[in-house]
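Okay, so here's the structure we're looking at.
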Amino acid sequence: MKIAVASGKGGTGKTTISTMLAYAADNSQYIDCDAEEPNGHIFLKPEIEKVIPFTLPVPEINTDICTFCEKCSNACVYKALVIVPQIKKVMFFDELCHSCGTCSYVCPVENALVEVDKEIGKIRIGKANHIAFVEGLLNIKEASATQLIVNLKNYVDNTKTVILDSPPGTSCTVVATLEDSDFVVLVTEPTPFGLSDLKLAVELVRNMNIPFGIVVNKHDDNVDLIEQYAKKENIEILYRLPFSEEFAKNYSKGILPFEEYKNDFKNILKTIEDRI
Ligand code: SF4
Ligand code: SF4
């Protein structure tokens with residue numbers, strides 16, 4: 001069973017819910033797909049056994065044999081390559097390159113343009129007690145984590161309960177994480193901002209046609225914003241994690257009450273299993 005945990009915005013408690021679900025399952029794998037800012041490791045404290053560099057192919061031009069015909073730069077829809085024939089200059093903006101390979105395909109001169117590997121991030125693999133741990137980490141200044149996330153999902157172990165901790169928002173990195181999931185848990189908080197971003201996330205999972213439910217973090221009995229919305233939209237609220245000052249203090253120290261909430265989160269997993 002593959003469960004993606006997502007939220008319309010950052011800071012709603014997505015990693016809290018993801019790690020607590022992974023802890024509650026008997027045989028689980030936690031995959032941190034929030035590659036720009038992975039923080040599940042802070043709470044799970046895994047022992048890292050392997051670090052695998054993640055590379056993508058980018059063009060390298062040999063100006064000794066390049067004819068400066070501009071075929072490559074004209075073919076690059078991302079404007080990552082600029083050729084200036086008048087002064088025989090090649091400019092490559094690697095942060096714009098999507099490693100699509102078009103430039104090397106169209107180049108008519110053998111070996112004038114070759115593809116070389118560029119490291120854009122790392123995949124860290126390890127163990128946190130009974131939880132198999134996988135994390136994607138994008139290098140600083142790299143623009144897009146999508147391909148790293150797609151690669152991360154090759155490490156999914158289908159014999160386990162897999163928890164995919166998604167990046168926040170509704171961009172293509174989130175779509176890459178949610179794709180092929182059996183269920184999506186949308187984490188939100190009972191504030192107007194929380195509700196507004198939840199609506200965007202609901203629209204996304206509905207478009208992707210994946211069953212989903214809501215977990216309300218920092219639940220406050222006096223606020224029924226999310227309750228009203230969920231009722232109107234006929235969306236199941238799987239769990240309400242109450243607001244607690246002690247919880248927040250421990251969270252800021254990298255501590256989550258895994259054992260205390262284990263049964264509650266086992267029940268969430270059971271509900272999800274029933275819904276799939
Ligand atoms: S297509 Fe090849 S030969 Fe033409 S400018 Fe680009 S690298 Fe040079
Ligand atoms: S690999 Fe694609 S995106 Fe990158 S420079 Fe070549 S054509 Fe442009």
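Go through (1) out of contact with any Lys or Arg (no Cβ under 8 Å at 6 or more places or on another chain); (2) more than 22 Å from residue 143 (Cα to Cα); (3) assigned to a strand (DSSP E or B); (4) without any contact (Cβ under 8 Å) to a residue 60 or more places away in the chain and name the single condition residue 60 misses.
Just one mismatch for residue 60, condition (2).
Inspect all residues belonging to segment 238-252 and state whether any of them is aliphatic (A, V, I, L, M), within 20 Å of residue 4 (Cα to Cα) and modelled with pLDDT of 95 or more.
Checking segment 238-252: at least one residue is aliphatic (A, V, I, L, M), within 20 Å of residue 4 (Cα to Cα) and modelled with pLDDT of 95 or more.
Tell me which of these residue 103 doesn't satisfy, since it passes every other one: (1) touching a residue at least 40 places away in the same chain (Cβ under 8 Å); (2) outside the structural domain of residue 75 (by TED's automatic domain parsing); (3) crowded, with 17+ Cβ neighbours inside 10 Å.
(2)
How many of the residues in segment 63-82 are within 11 Å of ligand 2 (Cβ to nearest atom) and either surrounded by 15 or more Cβ atoms within 10 Å (Cβ to Cβ) or not in a strand (DSSP E or B) (or both)?
Here the count works out to 11.
For residue 84, state whether it is within 26 Å of residue 140 (Cβ to Cβ), of a type in the set (Val, Ile, Thr) and over 33 Å from the mean Cα position of the chain (by Cα).
no
So, in segment 123-141, how many residues would count as being out of contact with any Asp or Glu (no Cβ under 8 Å at 6 or more places or on another chain) and surrounded by fewer than 18 Cβ atoms within 10 Å (Cβ to Cβ)?
Result for segment 123-141: 2.
Out of all the residues in segment 176-208, which are in contact with a helix residue (DSSP H, G or I) (Cβ under 9 Å, 6 or more places away or on another chain), within 21 Å of residue 150 (Cα to Cα) and in a helix (DSSP H, G or I)?
Matches in segment 176-208: 176, 177, 178, 201, 204, 205, 208.
Count, please, the residues in segment 14-29 that happen to be among the polar types (S, T, N, Q) and part of a helix (DSSP H, G or I).
Here the count works out to 4.
The values are calculated or read from the model by the stated rules, or taken from the named source; none is laboratory data. Just so it is clear, the model here is predicted, and its values are computed rather than measured. Backbone-built Cβ (ideal geometry, glycine too); neighbour counts: all protein chains shown.
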